[in-house]
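A short worksheet on the structure shown next.
Every read-out reported here was derived from the displayed coordinates using simple, explicitly stated rules and does not represent laboratory data. As the structure is a computational prediction, the values presented were derived from the model and not from experiment. With ideal geometry, Cβ positions are generated from the backbone for all residues, glycine too; neighbour counts draw on all protein chains shown.
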Amino acid sequence: MENSKTYKERIKRHTPKTNLKKTLPTAFLTGGALCALGELMAGAVRKMGVERADAYLTVTVTVIFIASLLTALGMFDKLAKYAGAGLSVPVSGFANSVTSSALDTRREGLVLGLGAGVFTVAGPVILYAVLSGTLFGIIYYILKMLGVA
Amino acid sequence: MNILFSFLIGGAICAMCQMLIDLTALTPARILVALVCVGVLTYAVGIYEPLFSEAGCGVSLPLLGFGASVAKGVREAVDASGILGILKGPFTAGSVGCTAALVFAYVFSLIFKSKSKVA
């Protein structure tokens, strides 16, 4: 058995070197461009008389829809390879992870395959969102009782 | 103006996460979880709303928006129904992105075949 230190070194040796000088600007530009496009769309949706918060939710749903479709068509990975965190960090990356785990587990059945597999990445994200949301709720409730919030 | 802020802040968040992915062993899934928790935190301390009104999609599209809407749902539920609201809230306002991702993933994975090879 090799100890964890040499194991970590071995992993480091075999991990492909990433070039921050290249990945950082692309992530900034593609991520920024996606958000700017979303902002344009939000403006257009608001012009149709939709309330501000709902307009932004519409954009979020649209991005999820497109990212999910591109994933199912096998095109998302090619784009993300170039864009890196610019596509994998926004909600598009979340939709991509959820859809790709659904696609991968589809052949194992609809209930314990796809049904469980769809939560491989969605599960942790939803769990920690709910946990931190509940913690916030407890603090907010106490502060409210004390008359602070 | 909002579009410029959106671009800058959204881009900055993505670049920061790219740095985390490249320099640490953090997997993208952990980054997503971290962003959601940061979203709840920024809403809780009151900096999400002002950021959102300036940068819009710049903060709502990176997963901060999901965390913030969970926190917003909790807050509104606590205001409306007191202590029970703590448990009522998380799945209210945050449900949109979550349900959309699950439903689209389900439908598309039934329509299209996985591109990865069968083991």
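A few points about this structure:
- Given chain B, longest segment not containing exposed loop trypsin sites (Lys or Arg not before Pro) (DSSP; at most 16 other Cβ within 10 Å): B:1-112
- For the range A:1-92, a crude dipole built from +1 on the beta carbon of Lys and Arg and -1 on the beta carbon of Asp and Glu, taken about the Cα centre, is about 600 debye to the nearest 20.
- Helical segments meeting 15 Å axial Cα length and Kyte-Doolittle 1.0 threshold in chain B (DSSP H): B:2-23, B:28-44, B:95-111
- Dipole magnitude for the protein assembly as shown: computed about the Cα centre from +1 point charges on Lys and Arg Cβ and -1 point charges on Asp and Glu Cβ, it is near 900 debye.
- Gyration tensor (alpha-carbon) shape descriptor, the protein assembly as shown, a/c threshold 1.5: rounded
- Taken over chain A, the convex hull of the Cα atoms encloses 241 Å³ per residue.
- Using equal-weight Cα scatterers in the Debye expression, the normalised intensity of chain B in log10 at q = 0.21 Å⁻¹ is -1.16.
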